[in-house]
1. So how tilted is helix 244-256 from the main axis of the chain? Cα-based, degrees 0 to 90, rounded to 10.
2. Below 12 angstrom from the Cβ of GLU103, what's the summed charge of the other residues (Lys, Arg +1; Asp, Glu -1)?
3. Highest mean first, how do 49-60, 137-148 rank when packing is the count of other Cβ atoms within 10 Å averaged over residues?
4. If Lys and Arg each add +1 and Asp and Glu each add -1, what is the summed charge of the other residues whose beta carbon sits under 11 Å from the beta carbon of ARG160?
5. Pairing the Cα long axis of helix 54-82 with the longest principal axis of the chain, what angle in degrees results, from 0 to 90 and rounded to the nearest 10?
6. Report, to the nearest whole %, how much of the accessible area of the chain belongs to carbon and sulfur atoms, 1.4 Å probe, protein only.
7. Under a Cβ-only charge scheme (Lys and Arg +1, Asp and Glu -1), can you give me the dipole magnitude of the chain about the Cα centre, in debye to the nearest 20?
8. Sort MET1, MET249 by accessible area with a 1.4 Å probe, largest first.
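The values are calculated or read from the model by the stated rules, or taken from the named source; none is laboratory data. Remember, it's a predicted structure, so these values are computed and weren't measured experimentally. No Cβ is skipped: glycine too gets one built from the backbone with ideal geometry, and neighbour counts run over all protein chains shown. Remember, those area values only see protein heavy atoms, side chains included, never the ligands or the DNA or RNA. Shrake-Rupley method; radii C 1.70, N 1.55, O 1.52, S 1.80 Å.
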Amino acid sequence: MKCNDARTFMSQIAGKSVTIQVQQSDVNFLSTNGYLSVMPKGDYDQAAAEVANLTQMNDALQNEMVQERIARAALTKDERKTHSILFHLEGRDEKEAEVAKVENERGAVAREDADIVERDSRIKELIQKKSAIDRMVPYDGLYLSLTGLGVLTLNDLNVRNYRVSDSDFSDFIEERMETLGELHSIAERGSYQVSNLRTRVLEADFSQLWNVSIGLAKLRADQSQISQRFLLALSILHHFDSTLDNKMMAAEIITSLTANSSQSSIDNSDLQNLTKTLQSLDHDLRHHAKVPKQISTGVAALVMFGRRYDGTYPTDRFLEFSRMTRSYESAAILSVMNDPSNQLPSKFQAFRSMFGLWGYQTSDDTELASAFLSISDLGPDDVRLKMSIIVTALKNYLEYPLVAAAILTSIPTLEANETLDLMEKAYSQLWSFAIGLERSELVSLSVRMIHGIKNELVEKLDPTAKILKTPVQFTHAPSNIFFGYYAPLIIVHSIYYSTFSGIGGFHPAHVHGVGGGGFGG
C-alpha cells in the first residue's frame, strides 16, 4: 500500500464517505497496527440498537438521582431525630420503630446509590460506543473509523505527502517511529546530561545546562564519557576571560572533536593541545580582529572547528568576513565553511538585502540569520516563501524568531509545514524532561534537536531525511540593541575532516535535495 493510497483511504474514512477500494490485506494491516477500528455490520447494528435509547436512559438516571437526593434528605432527617433528646424520652416500642425505619431507609439509599453507579457506568460505556459508531463509515460489509493513532498518522501523511506519496506506507511508518524514537532518545540523553552537569557546573542556570546538554546528547559516543570530557574541557577553560556561555560553547566544540561513533572509548589526551590551539586563536582574534574578550573564546572555538586539511585555521577568512559584519559569531560561521568558489560573501549580502527589503533593521538576528542561510545550498529566491511561513509560525512562541526561522529554513529536504511539524514533535518529546523551562526556551531547544537534517544523493534521494547527531546550536538571547549582549547565539558541534569543513550537515560533500512547494519566489 502506497502512502498516497493510505492517505486517500484514511481521509475518506475521516470524511465518512469512502469511494476508494483497497485490498482487504491493507484494511487488515491498518486495523492490526492500530490505525483503524473495524466492526462487522452485525456488531454495528447491535451497537446502534444499544445506543438508540441512550437519551431515555440518561433521563431515567437523572430522575433516579433526584429521588435519591430526596431519600437521602429524609434519611438524614430521621437520623438526626434518633440522636435528639426527645428520642430518649420516647417509649421502647417507638424507639425500636424509629431505628428500624432508619435502617430500612439507609438500605434503600445504599441500593439506590449502587443502582445509580451501575446505570452511570453503563451510560458512559454507551456514550463511548456511540462516539465510536458515529465516526464509522460503511465499507464493503464492514464499518470503519480512525483511531487516535490513525488521526495522528493521517496528519503526518498530509504534512509529508509531497515527499512520501509514492513510498510504501509501511516504510513511512517505520521512518515515523524511528524519528519519534530518535527525538525521544535525544531528549532522554539530554536529561541525563543535565543531571550530571547541574551538580558540577553550579554557576550555570537550568536553561544553560539544557542548552549544552542537547548538543552533548546528539553526539554518538558513550554519554558518560562525553560528560566527563566536557567537564574536563570546561575546567581547563576556567581561566579564559570570556563569559560562561562562551566557555561552555567552546567546551562543547572541543568535546565534539573526538566524540564520534568510530571510537569505543574517548581519549582525552588531546585536550591540552586543543586548549593551547584555542588559546592561540583566542589571542590572535582579540588582537588582530578586535573580538571582545567576553565572546572571543566562543568565536575562537568556531574558527578552530574549521581546521583545514593542511592543519591551518581559517583566520584569514574570519578577518575577511568580520569586515563585512559586526557579528563576530556570524563571521565565524561563514569562515569555517569550505567555499572554493568564493560565493559566500555575495550570498551573505543577498540575504542581508532580503531582510532589509522585508523591513528588518540590521541586528544580531539579521546577521546570524543571513549567515545560517548562506552556508546552506539555498539562495534568497529559494527560501522567501518558506522563511516567511516559518517566521509567522514562530512569532507565536518567540519574540525574536528570525534566527530560529533561518535555521529551520536552511534544512533543504523539508518544506515549511513539515519542518514546523517536526519541531512540534521535538517539543512534545522534550517538554516532559525539561520541566521548568519557559515555552520559548523549549522551542529554541527543539530547533537544536532537529537541526542537522540532510539527505545525500548517493543512489537516489532519501525521502525520509534522517536526523543527524551533528547539529548547529543557537542560544536564543537576541537584543534589540545592536550586539548589546555577550551571550553566544550559536553553538556548533560536529566535525568534518580534510577539506570537508562545515556546520551541521551543510558542506560541499553533501548533495542536498530541495523538495516541496514550500520553496518559492
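1. 80
2. -3
3. Result, highest mean Cβ count within 10 Å first: 137-148, 49-60.
4. Overall, the nearby charge balance is -2.
5. Compared with the principal axis, the helix lies near 70 degrees.
6. Roughly 51 percent, rounded to a whole number.
7. 1420
8. MET1, MET249
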